[in-house]
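The values are calculated or read from the model by the stated rules, or taken from the named source; none is laboratory data. The structure displayed is predicted, hence computed values, not measured ones. Using ideal geometry, Cβ is built from the backbone for each residue, glycine included, and neighbour counts are taken over all protein chains shown.
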Amino acid sequence: MAKTHHHDDGMATFLSTVDGDTLVSVLIELARDHEAVAQRLVRLQTAGRPQLVAAAFRQKLEGWQRDSRYFQYPEAGVFGRALEMWLRQVERELLPTSPAAVLDLAESFIESDTAFFERADDSYGDIRRAMDSGCRLWLRAASSCQCPSEGWTPRLMKLLSGDDYGGRRELLQQAGQLLGQIELARLRSSMKVAT
């Protein structure tokens, strides 16, 4: 198995000495062989147009929603990590320029929980961890967006009321990042009544 590098081992310094044409050829070669690299380059090409970047991310999410393959362990772990990687890419590439697009993508991700949980043996919790990350991303994006006139509580209540698998609990547990004390108490109280 290839060693995963969590630091660059001087790679950034080395790459800064390589001429641009060589780097371009290496990237094109990698893009031909690796779909993830090709997708990243397409998103980089459209980075100045957040709506196009968001559309590319939504296309990937919709592909997962349509897919009917069932993942046993360990494939379920691979799927869970792919979901987490998608969330990290959405945050890194879109949150600084378009938090509203991130909010919509994170909400669609959360609402896809049925498709994710029913397609995988999540005994090791990989899908649940991805859902937790999706909920935290939703809260971060919401805190960077203008508050709706009715506040965030109704939108959170709607998301939480659709939680059939317990995968959205992080929204309630971390809601204090977004809501004041009174709204948070109201949300928690309404969720107790609902359950």
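Checking Tyr165 against (1) under 25 Å from Arg92 (Cα atoms); (2) among the hydroxyl-bearing types (Ser, Thr, Tyr); (3) modelled with pLDDT under 95, which single condition isn't satisfied?
If we test Tyr165 against (1) under 25 Å from Arg92 (Cα atoms); (2) among the hydroxyl-bearing types (Ser, Thr, Tyr); (3) modelled with pLDDT under 95, just (1) comes out false.
Quick one: is Leu179 surrounded by 14 or more Cβ atoms within 10 Å (Cβ to Cβ), under 21 Å from Ser98 (Cβ atoms) and over 15 Å from the mean Cα position of the chain (by Cα)?
On the way: surrounded by 14 or more Cβ atoms within 10 Å (Cβ to Cβ): yes; under 21 Å from Ser98 (Cβ atoms): no; over 15 Å from the mean Cα position of the chain (by Cα): yes.
Against the criterion (surrounded by 14 or more Cβ atoms within 10 Å (Cβ to Cβ), under 21 Å from Ser98 (Cβ atoms) and over 15 Å from the mean Cα position of the chain (by Cα)), Leu179 does not qualify.
Are any residues in the range 124-174 within 28 Å of Phe71 (Cα to Cα) and basic (Lys, Arg), and if so, which ones? Full working, then the answer.
Step one: of the range 124-174, the residues within 28 Å of Phe71 (Cα to Cα) are 124-138, 159-171.
Answer for the range 124-174, where residues must be within 28 Å of Phe71 (Cα to Cα) and basic (Lys, Arg): Arg128, Arg129, Arg136, Arg168, Arg169.
Kindly indicate whether Leu103 is under 25 Å from Pro50 (Cα atoms) and assigned to a helix (DSSP H, G or I). Don't jump to the end; show me each part of the working.
Numbers: under 25 Å from Pro50 (Cα atoms): yes; assigned to a helix (DSSP H, G or I): yes.
Against the criterion (under 25 Å from Pro50 (Cα atoms) and assigned to a helix (DSSP H, G or I)), Leu103 qualifies.
Taking the range 144-162 only, how many residues are assigned to a helix (DSSP H, G or I), surrounded by 14 or more Cβ atoms within 10 Å (Cβ to Cβ) and not β-branched (Val, Ile, Thr)?
Taking the range 144-162 as the starting set, the residues that turn out to be assigned to a helix (DSSP H, G or I) are 153-161.
Applying the additional criterion that residues be surrounded by 14 or more Cβ atoms within 10 Å (Cβ to Cβ) yields 153, 155-157, 159-160.
Remaining after also requiring not β-branched (Val, Ile, Thr): 155-157, 159-160.
Going through the range 144-162 one residue at a time, the tally reaches 5.
Output the residues belonging to the range 92-136 that are of a type in the set (Lys, Arg), buried (at least 17 other Cβ atoms within 10 Å of the Cβ) and over 22 Å from Gln72 (Cβ atoms).
Hit for the range 92-136 is Arg136, nothing else.
Out of the residues in the range 163-188 that are free of Cβ contacts under 8 Å to residues at least 40 places away in the same chain and outside any helix (DSSP H, G or I), which is farthest from Asp132 (Cα to Cα)? If you could, list the steps in order and put the result at the bottom.
Taking the range 163-188 first, the residues free of Cβ contacts under 8 Å to residues at least 40 places away in the same chain are 166, 169-170, 172-188.
If we keep only those that are outside any helix (DSSP H, G or I) too, we end up with 166, 174, 178-180.
Working: Gly166: 10, Gln174: 10, Leu178: 16, Leu179: 18, Gly180: 21 Å.
So, considering only residues that are free of Cβ contacts under 8 Å to residues at least 40 places away in the same chain and outside any helix (DSSP H, G or I), the one farthest from Asp132 (Cα to Cα) is Gly180.
Of (1) touching an Asp or Glu at 6+ places or on another chain (Cβ under 6 Å); (2) over 30 Å from Pro74 (Cβ atoms), Glu170 satisfies all except one. Which?
Going through (1) touching an Asp or Glu at 6+ places or on another chain (Cβ under 6 Å); (2) over 30 Å from Pro74 (Cβ atoms) one by one, Glu170 breaks only (2).
Note down all Cβ pairs under 7 Å where the first residue falls in the range 91-112 and is in contact (Cβ under 8 Å) with a residue 24 or more places away in the chain, the second is of a type in the set (Ser, Thr, Tyr) and exposed (fewer than 15 other Cβ atoms within 10 Å of the Cβ), and they're at least six residues apart or on different chains.
Leu95/Ser144; Pro99/Ser144
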